[in-house]
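First the structure, in the form of structure tokens, and then the observations on it.
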Amino acid sequence: MAAHLKKRVYEEFTKVVQQQQEEIAAKKLRLTKPSKSAALHIDLCKATSPADALQYLLQFARKPVEAESVEGVVRILLEHYYKENDASVRLKIASLLGLLSKTSGFSPDCIMDDAINILQNEKSHQVLAQLLDALLAIGTKLPENQAIQMRLVDVACKHLTDTSHGVRNKCLQLLGNLGSLEKSVTMDAEGLAPRDVQKIIGDYFSDQDPRVRTAAIKAMLQLHERGLKLHQAIYNQACKLLSDDYEQVRSAAVQLIWVVSQLYPESIVPIPSSNEEIRLVDDAFGKICHMVSDGSWVVRVQAAKLLGSMEQVSSHFLEQTLDKKLMSDLRRKRTAHERAKELYSSGEFSSGRKWGDDAPKEEIDTGAVNLIESGACGAFVHGLEDEMFEVRIAAVEALCMLAQSSPSFAEKCLDFLVDMFNDEIEEVRLQSIHTMRKISNNITLREDQLDTVLAVLEDSSRDIREALHELLCCTNVSTKEGIHLALVELLKNLAKYPTDRDSIWKCLKFLGSRHPTLVLPLVPELLSTHPFFDTAEPDMDDPAYIAVLVLIFNAAKTCPTMPALFSDHTFRHYAYLRDSLSHLVPALRLPGRKLVSSAVSPNIVPHEDPSQQFLQQSLERVYSLQHLDPQGTQELLEFTIRDLQRLGELQSELAGVADFSATYLQCQLLLIKALQEKLWNVAAPLYLKQSDLASAAAKQIMEETYKMEFMYSGVENKQVVIIHHMRLQAKALQLIVTARTTRGVDPLFGMCEKFLQEVDFFQRCFIADLPHLQDSFVDKLLDLMPRLMTSKPAEVVKILQTMLRQSTFLHLPLPEQIHKASATIIEPAGESDNPLRFTSGLVVALDVDATLEHVQDPQSTVKVQVLYPDGQAQMIHPKPADFRNPGPGRHRLITQVYLSHTAWTGLSHLARMGRKMCSWGSYPCLEPCQVEVRLLLAYNSSARIPKSPWIEGGEVSPQVETSIEGTIPFSKPVKVYIMPKPARR
Amino acid sequence: AATLTPTPRAGAGQDVGRSCILVSVAGKNVMLDCGMHMGFNDDRRFPDFSYITQNGRLTDFLDCVIISHFHLDHCGALPYFSEMVGYDGPIYMTPPTQAICPILLEDYRKIAVDKKGEANFFTSQMIKDCMKKVVAVHLHQTVQVDDELEIKAYYAGHVLGAAMFQIKVGSESVVYTGDYNMTPDRHLGAAWIDRCRPNLLITESTYATTIRDSKRCRERDFLKKVHETVERGGKVLIPVFALGRAQELCILLETFWERMNLKAPIYFSTGLTEKANHYYKLFITWTNQKIRKTFVQRNMFEFKHIKAFDRAFADNPGPMVVFATPGMLHAGQSLQIFRKWAGNEKNMVIMPGYCVQGTVGHKILSGQRKLEMEGRQVLEVKMQVEYMSFSAHADAKGIMQLIGQAEPEHVLLVHGEAKKMEFLKQKIEQEFRVNCYMPANGETVTLPTSPSIPVGISLGLLKREMAQGMLPDAKRPRLLQGTLIMKDSNFRLVSSEQALKELGLAEHQLRFTCRVHLHDARKEQETVMRVYSHLKSILKDHCVQHLPDGSVTVESILIQAAAHSEDPGTKVLLVSWTYQDEELGSYLTSLLKKGLPQAPS
């Protein structure tokens, strides 16, 4: 009887909830719809003066309007519009019309007629312009409706002759956005007077107002963007605009010329005042190059940027951009670059320059000198020397793009790029170093160029140095002197900035493996070996010595004769480094010695397949073994997990997959173990202790599933389903455990309901994937859903329990590419015995430097956690600018964390310290202590869940699952030794 | 019409030094720069001001004086001119020039009077009095000198505060560039001018025949040399003149030291530099982009690494860099230091500019290794000698670029050598198709200008014209009929009716009549009919009528026919039209003169 009663209560309760929800929704609709327009109407009628009306309109514009009520509002606005005499109010109404017609879900074709109507009687130019703007909004909302577009274009053409530039501007904008694309087709069909939109717009290139000219060019560009092919005739018109008086016109004209040159690169244009003809793209290139020395820097930036994307230009023209004929007193002079090259080729490199060294040579024919080069001459020389760094950066970027597509140009622009390494603005220097890296496979550095490049290694900016290391990693050096020079400079760099250690070692690793033959003759010198005498053994911990060894060992990898030159201690050091710095020192085949890693032969490639196979096989074995007895299953799982983990350590390529699968199996193992517990049959009071294990397992599974979901990049929807399914099982387990351990039924109601909501949510989110989950826990659960909804908690728990035990083990499909996110804190190193001293009460900045691998969107997810000795944790959000992206999948976090002494000398700390109060003051004498720093990966579960349309539709989705936020630690914690000093009084 | 008459006054013409140019624009006389010649110690060092007005006061003749920048060859004669010759009118210069100019003048005076003991030189008080007459002009500020004359300053980038000036009277304008630099350097930006289309551009042409290499190579070389020397423990001596280039080099070294974390000390020999540096710190807005943008964090002229030099420092061990004056190593501190350091091959001297023949600087640059000093000492030069040219004048390309930016009608070259200017002149004429002049000292060039005269048009007339035809088309000229009224030097275009009304005149009718002889044996009536049908067929869009009195009208043109008194076979057609219908009337006569088509009968 009691059970029956409870059931009824439960039923009623659920019903009530649903009704409430419906009611709320209905109410909402009823309330909002009429209120908006009606209120507006009342307000506007109340308004006694234009200023009042304007105020009401402004207030009204602050709140959004629902799609259903837009039309009503518009009608009221229009009604008021006709009555209104004040232009400012009409202007506001017109602007509201435009805003309203942009409302999503509202189709503005019904208000178009009215808008066009009021346009015809409008006298004020400003209002007219605003109305045209509204029409533009309407037109862009209805891109499919050809008739409306035609009509709007007609209206625009009619008002093009207006005397106000604002109106003409808007008309041109309308034409640009709505001008029909398939002109001939629609004209034939409708029999309207054909309008050549391009010609109409083109006529306004010579408008008297510069703003209108700009608008006309922009409209033309808009047409192009919408896919209309511009006529070639526009090219000549645009060229004339290049000498316009106004910078915005010139800037837009440069763009237009660029567009046309991309459309008709191969057509031929005549050169004025001569009989010759050249390709259009070359001509345009020359013209844009000329704009690099324009008077306005906005135009210069624009021109320099566009140059980069003109790849079809002929190499002859391209190379001219770096050409500047020097002369002095009418005599030809060589540039410093040419002289450097000559000096280098004559073998006289680095001789000091003498007075008169740059003395001009041959006489120049005065007639032949052209001071204003038509064409591309020296465009980049000018751009790279520009006053504004924006122009210089744009020029460097353009150089980069052009050099990537033309190896010969890359070789030529090298000198100029190297020069940019000494720019006064760091951004420019950095940009040019990056550029050089990007084109590095096309170039080989000459020694004198290398010299200049290496000089920058002493730069005090860490970014610059690291960018330079990256550059050196992929640079081709031509001579052994070059390698030596690079090594010497890098060691100098190391001595000056010891923090660059890792970056330098890495750089030398690549330098060595790229140039084995160049390193070979340097080996005796570098190792300071002597043919007869034994030399002293260098210090193994010296970073500089390690750097040299990294270079040599990496070169030795592909140069089998090299190890013969090593002395005994070198081999010992090799063994040591191979173990301690295995990522920098490759496996070598050493003659006459027990091969350190005999397994690794030079051809590693075939080895990958077996390990892949092994992975597949072991996983398949697990998936097929689900029906064995629990004991066997457990063991097998344990073995497989161990295998996978080891495999991940051995094979870095498979680490992601192996870890991912191992984690999944671990979850399954935990689940099986938990279910194996005998607690299920024992009475509640007895298994209290044992239940710890089950609830801990549930908790751990939850954690692991979050890790699986958020710590791996490349996880697809298939996997997400399985992960969520696993989590659901964990939740079920948790529910069962709680049900068993808690006395009384009341708390269970809530829990059961929550769980069922989650099941419901799971179903809704992954409805598409449900067919794949046959026979699984959730599949069975959903079958029983109606029954569960009406059951009381105890019954639910019972059902869940049986289902958990019966559920099969789901096969986890392996994703294509999966990588585990990882982070390594490089700085602080955590080995220092010297405490970081600072005055208590003030903050100290701790430099944190970490590399992040395979983290998606690190700016928003990566946090720094500081754990103080008293257990307080502080979470720090690094600035987005602190993240750098040196390569795909890799990020670098360089930030500062502020520690403060008061942050942990809370009560507990003070109490502990209380005994050690100094005699002279009330300040505690503070002892050094350790602070832990680690990186966290923050996640938000709603981010991953696929959005189904009806969730957006406003239906109330369960609050439980949508936004669980949490963090996963993903780096080893590093201890920092700090010592606050008492403040001086 | 108005004329422009620029006259290079005893200097500036085809010469470097003593810049002084007199320009008359539409009756206004302006003197541009007032420089002195460093090479002379007698009267020739100042321009010959008696040339301007043979008799009479300068103040009455000159409307204003404009100084482009603080170099002595552009402002050195100013106190002499204003206080000793006597000029009380306004002197215009930019604020940095106004601040630094007196320091340099005072320094110059000290050397001339105190060291060389010259008499008849201006005094400190005269410099002060002279500076009181100065009016500051800010960049792009338009200053009305009087009702008609206005001047405007543009950035020139030659030294701190250097400016180009536009002088405008009515619709006529002249731009004077002073010295300028089109490539930015470490502390100054590039010269810039808007497209002001002056009637005349007066530009310097120091480097008329030179196209320079990129600045970066020079800078890099310089820094590399200094760096290498300092690294191997050597000392670097850089002889400089106190202002201008010295600051650029300081900034260059300062930022390099900062970037490369270098520790070796840099010294600057004191003197007027400290005062000048102070002004460089103040006038941040006149420097380049980098310094302007970063000065909120740190003023680049507050040097961290550069300290004041003391005589005793020269003997300190270890590396150092010293900037010392003067620049040509002919005297003073730079020579003293040079003598101390010359014997060590680790050391280096870098000459950042040109050296006059006869100075120590010139000798060592030309490779001399043994120098005879006073007292028969022989100094052996073991230290390295380097030459680095840092110059802040526009090269030929830069000059062309500026002309392209300003689009002048005429160009006048000054401040350069005649032979080089000839080349540039030819290039300018060839490439811009503008006239180019290069007057010698004392020579006057007179340029005719075609001033544009604004004419007011009455709204009624304009509207009537608008109503008649299509909208005005920018590409095509339109014919418009009206009456031009010139009254009190202002012009108006009004309709003829209004003109008549205003002037109180009666309207006169002007009628043209013309007789056309036609060979036609038929009767007059028939001839008229034939004429009528002929015209009707040709002039389709005109109103052709046959009146009952036997005449034909086309619009307001009347055609009557009469038999010839002597020859009955010939008819005389009388065509008569008013002045307003001149076009149609003459067309009709020419049409009728061709005769009538043969009648079908």
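Laid out as a table, the results:
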read-out: Whole-Hz couplings from phi, Karplus 6.51/-1.76/1.60, listed for region A:722-729; x for Gly and Pro; value: 4, 5, 5, 4, 4, 5, 4, 4
read-out: For region B:480-515 versus region A:216-271, the gap between their alpha-carbon centres in whole angstrom; value: 48
read-out: In region A:699-794, trypsin sites (Lys or Arg not before Pro) in a DSSP loop with at most 13 other beta-carbon atoms within 10 Å; value: A:R743
read-out: Order of B:H546, B:H71 - criterion: other Cβ atoms within 10 Å of each residue's Cβ, fewest first; value: B:H546, B:H71
read-out: Lysine pairs within region B:482-601, Cα separation less than 22 Å, 8 or more sequence positions apart or different chains; value: 12
read-out: Stokes-Einstein D in µm²/s, Kirkwood radius over Cα pairs - region A:691-784 at 20 °C with 1.002 mPa s viscosity; value: 151
read-out: Cα gyration tensor, region B:209-285 - rounded (a/c under 1.5), prolate or oblate; value: oblate
read-out: Rounded to 10°, Cα long-axis angle of helix B:272-282 versus longest principal axis of chain B; value: 50
read-out: Aspartates and glutamates whose Cα lies under 15 Å from that of A:K981, excluding same-chain neighbours fewer than 8 positions away; value: A:E927
read-out: Sum of side-chain charges, A:A53 neighbourhood, beta-carbon under 13 Å (Lys, Arg +1; Asp, Glu -1); value: -1
read-out: Inter-part distance where region B:172-238 and region A:92-112 are each reduced to a Cα centre, Å; value: 58
read-out: Normalised contact order of region B:511-594, rounded percent, pairs of Cα under 8 Å and 6 or more residues apart; value: 38
read-out: Cα-Cα over 22 Å, subset of A:K707/A:K731; A:K718/A:K972; A:K240/A:K287; B:K275/B:K304; value: A:K718/A:K972
read-out: In degrees, nearest ten, helix B:245-260 long axis to first principal axis of chain B (Cα); value: 70
read-out: Cα-based helix-to-principal-axis angle, B:215-231 vs chain B, degrees rounded to 10; value: 10
read-out: Net charge of neighbours whose Cβ lies under 13 Å from the Cβ of A:K798, counting Lys and Arg as +1 and Asp and Glu as -1; value: +3
read-out: Relative contact order (%) - criterion: Cα under 8 Å, at least six apart; region: chain B; value: 14
read-out: Greater than 30 Å apart at Cα, pairs in A:K141/A:K199; A:K102/A:K229; B:K225/B:K340; A:K305/B:K152; B:K128/B:K340; value: A:K305/B:K152; B:K128/B:K340
read-out: Once exposed loop GluC sites (Glu not before Pro) are cut out (DSSP; at most 12 other Cβ, 10 Å), longest piece of chain B; value: B:1-301
read-out: Residue-averaged 222 nm ellipticity for chain B, from DSSP H runs of 4+ at -39500 (n - 2.57), nearest 500; value: -8500 deg cm²/dmol
read-out: For region B:400-422 versus region B:90-153, the gap between their alpha-carbon centres in whole angstrom; value: 27
read-out: Candidate aspartates and glutamates for bridging to B:K133, where Cα separation is under 19 Å - those fewer than 8 sequence places away on the same chain excluded; value: B:D33, B:D60, B:D63, B:E83, B:D88, B:E106, B:D146, B:E150
read-out: Loop trypsin sites (Lys or Arg not before Pro), region B:532-595 (other Cβ atoms within 10 Å of the site Cβ: 10 or fewer; DSSP); value: B:K540, B:K594
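Read-outs: derived from the displayed coordinates by stated rules, not from any lab. Values in this document were obtained by computation on a predicted structure and should not be read as measured data. Heads up, the Cβs are rebuilt from the backbone with ideal geometry, glycines too, and the neighbour counts pull from every protein chain shown.
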